[in-house]
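Chemist: Encoded as structure tokens, here's the structure I'll be asking about.
The values are calculated or read from the model by the stated rules, or taken from the named source; none is laboratory data. Since the model is a prediction, treat every value here as computed from it, not as a measurement. Cβ atoms come from the backbone with ideal geometry, glycine included; neighbour counts cover every protein chain shown. To get the accessible areas, we keep the full protein, side chains included, count just its heavy atoms, and leave off ligands, DNA and RNA. Shrake-Rupley method; radii C 1.70, N 1.55, O 1.52, S 1.80 Å.
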Amino acid sequence: MATPVPVLRLPKGPDPNSRGFDPKSPRFIALCHTSIPTSAASEADAEQLQKEQHARSVLRETFLRCLLSMTNKKVQFNMYERVKVEATFGASDIDVLNFQVSDLHTPLGVQKEALIRCQDVISLTFDT
């Protein structure tokens, strides 16, 4: 039985290549609430912040490995309005805003190649 995989969206990094997160940026503060205020400089908070950052990095790595393992496999997308589509997963863009798929089976027919916007996806499943 396939397990639904929720789509996790992380904010863009501060540099154009999206290689890091500035914890003081308005985007980070709005989208990535931390359990610890970043302005506090006590040692206990620094230790807790380090644990939280480690947990985030583990989640990010797991998500990227999941994307990698979906390549060239049949994936079922559960979308809004109870729409379910199936396609062969190709790739994701660097910001994980779109999925490139092949042989997209929709209620209206089959598309040979397509892009699926991630914000339209509630969950996805695939067999490992």
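Chemist: If I model a spin label at Gln76 and Val110 as a point 7 Å from the Cα along the Cα→Cβ vector, what separation in nanometres do I get?
Modeler: Once both label points are built, they end up 1.9 nm from each other.
Chemist: For Ser102, Ser69, give me the order by solvent-accessible area with a 1.4 Å probe, most accessible first, ignoring ligands, DNA and RNA.
Modeler: Heavy-atom accessible area, descending, gives Ser69, Ser102.
Chemist: Assuming R0 = 30 Å, what is the FRET efficiency of Lys84 and Val58, from their Cβ-Cβ distance, to the nearest 0.05?
Modeler: Result of the calculation: an efficiency of 0.50.
Chemist: Want the number for Asp103 to Arg65: 0.36 nm per residue separation, take away the alpha-carbon distance, what's left?
Modeler: Fully extending the segment from Asp103 to Arg65 adds 11.4 nm.
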